[in-house]
Amino acid sequence: MIIAFLALVGAFLQPGTPVLAIAPAQAEVSVVEEKRGIEELEKNERVARVIPGITMTAYSSTPDQTDDSPFIMANGKRVYDGAVAANFLPFGTKVRFPELYGDKVFTVEDRMHRRFDNRMDIWMETRGEAITFGIRKVTVEILEVGV
């Protein structure tokens, strides 16, 4: 089960990126654990992979930064605090940016222009916040791969 999971994650990331393996004891997930919410996921971190040095930018819901429906993400959901865009991870993937946001869990819900294949974009409520955020190199912890 864990090998299939890591193979799925590896298919979406660049070759040569180091992988943190999950110990077999951690790979066993009970039905109760599967039903836990994001809060529980934050407490019981199960980092499947760590990717250092990902370029991260920020965007807000303004027409010049999005398409013709600035409050709707690529997966059809409305924007919210905790949503990120990434082309190299499937929708629903849970991630963290520990040096910026500690244990806060984000979810891949949106996409970027196809030229940004190794970058992540975090949604922010205002254009000012996005501009202040700028461009940063961050470490990404992949917690759970979406479908």
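The values are calculated or read from the model by the stated rules, or taken from the named source; none is laboratory data. Just so we're clear, the structure is a prediction, and the values are computed from it rather than from any experiment. Areas reflect the complete protein model, heavy atoms only, side chains present, ligands, DNA and RNA absent. Shrake-Rupley method; radii C 1.70, N 1.55, O 1.52, S 1.80 Å.
Taken over the range 120-147, residues that are under 15 Å from residue 57 (Cα atoms) and open to solvent by 60 Å² or more (accessible area, probe 1.4 Å) amount to 9.
Would you tally the residues in the range 34-66 being among the charged types (D, E, K, R) and modelled with pLDDT of 60 or more? Residues that pass the stated criteria total 4. Scan the range 81-119 for residues that are open to solvent by 70 Å² or more (accessible area, probe 1.4 Å) and over 12 Å from residue 59 (Cα atoms) and the total you get is 7.
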